[in-house]
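Below is one structure; the comments refer to it alone.
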Amino acid sequence: MFAVTAARFDADDPLNGLELGDRPDPVPEEGWTTVTVKAAALNHHDIWTLRGVGIAPDRLPIVLGCDAAGIDSGGNPVVVHAVIGDPSLYGGDETLDPGRSLLSERYDGTFAERVAVPRRNLLPKPDALTFEEAACLPTAYLTAYRMLFSRSGLQPGATVLVQGAGGGVATALILLGRAAGYRVWVTSRSEAKRDRAIKLGADQAFPAGERLPERVDAVLETVGQATWQHSLRSLKPGGRIVISGATSGPAPSADLTRVFFLQLSVVGSTMGSRDQFGRLLRFCEQTGVRPLIDRTMPLTQAREGFAAMASGDLFGKVVFTV
């Protein structure tokens, strides 16, 4: 089968490790099945894998990709939940399993004509969503759903700041937050991306690092080091940062004095459970929210999509069709 793989690591030039070509067909383990992929979405996770972050060298070569929608072995349209974990632990939340992984970390991922996954990781694709739209949901949109509705502790009407408009999770936060009744503010270094965020549904957009007109109830972070001080300064006393990524670096100054004096909270958030994924699918059905897709291209042109993500030349998701 045709697949897109990480063949080697290169921290400085991640695309150097990207290879496109034939791979053996997947052989499902007991309790697993095979999905014929119709669409798969690109994430920053795939770039980090090519850099050698979060994966052991003995896993190479490995098929990249966390997200997919396709047809299961029974002919049913399905969406793949990307978290591979033990659902019997921690009340059924696979994300709390210390031994969890994502597709493309220990097991071959979704950038292929077929992918093997645990049967319980398949959810019915809503008829209202195209394969391309459904493929965007398992990582970026599920991460945003958990950040907003599980980890922020906020009710609709609260004001949230989304750092770094344009990325997949940030775009998802705008769309989901707007549909749920939050007041959504965003930041970006790019004026064009700020304008697009407003058109997408953000209430206000500010240059990165600019002082806000008032402090917010929560900051939703995926950028990390570059925006951390601004995030802390933007919170009301008792406010909360929910962080699910650190694309600009993982080690900012903690500014502990501000944290304890203003009684701020810092909460981590990772992906989402299978149950939350089911609720996200229903949320999209009921509200009409649809993932924003920057571009769609055949899987055979995956290198172009990876290059666009590596350069930051995106607003929304890159989707590969198979």
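Taking interchain pairs and intrachain pairs at least six residues apart, which have beta carbon atoms under 6 angstrom, with the first residue in the range 225-238 and under 16 Å from PRO207 (Cα atoms) and open to solvent by less than 20 Å² (accessible area, probe 1.4 Å) and the second modelled with pLDDT of 95 or more and among the acidic types (Asp, Glu)?
Short answer, once both residue conditions are applied: SER231/GLU221.
Any chance you could count how many residues in the range 160-187 are open to solvent by 10 Å² or more (accessible area, probe 1.4 Å) and either outside any helix (DSSP H, G or I) or on the phi > 0 side of the Ramachandran plot (or both)?
Result for the range 160-187: 5.
Can you tell which of PHE260, PHE277 is assigned to a helix (DSSP H, G or I), modelled with pLDDT of 95 or more and in contact with a helix residue (DSSP H, G or I) (Cβ under 7 Å, 6 or more places away or on another chain)?
Details: PHE260 fails: in contact with a helix residue (DSSP H, G or I) (Cβ under 7 Å, 6 or more places away or on another chain).
Step by step, each of PHE260, PHE277 is checked, and only PHE277 is assigned to a helix (DSSP H, G or I), modelled with pLDDT of 95 or more and in contact with a helix residue (DSSP H, G or I) (Cβ under 7 Å, 6 or more places away or on another chain).
Working carefully through the options ALA208, ALA202, ALA218, find the one that is open to solvent by 40 Å² or more (accessible area, probe 1.4 Å), in contact (Cβ under 8 Å) with a residue 40 or more places away in the chain and touching a strand residue (DSSP E or B) at 6+ places or on another chain (Cβ under 6 Å).
Answer to the check: ALA208.
For the range 98-127, enumerate the residues that are more than 19 Å from the chain's Cα centre (by Cα), open to solvent by less than 50 Å² (accessible area, probe 1.4 Å) and farther than 19 Å from VAL27 by Cα.
Correct list: GLY99, PRO126.
Considering VAL83, VAL35, which residue is more than 21 Å from LEU299 (Cα to Cα), crowded, with 24+ Cβ neighbours inside 10 Å and not small (Gly, Ala, Ser)?
None of the others qualify; the one that does is VAL83.
Scan the range 38-77 for residues that are free of Cβ contacts under 8 Å to residues at least 60 places away in the same chain and open to solvent by 10 Å² or more (accessible area, probe 1.4 Å) and report the count.
So the count comes out to 19.
The values are calculated or read from the model by the stated rules, or taken from the named source; none is laboratory data. None of the values given here were measured: they were computed from a predicted structure. Heads up, the Cβs are rebuilt from the backbone with ideal geometry, glycines too, and the neighbour counts pull from every protein chain shown. SASA here: full protein model, heavy atoms, side chains in, ligands and nucleic acids out. Shrake-Rupley method; radii C 1.70, N 1.55, O 1.52, S 1.80 Å.
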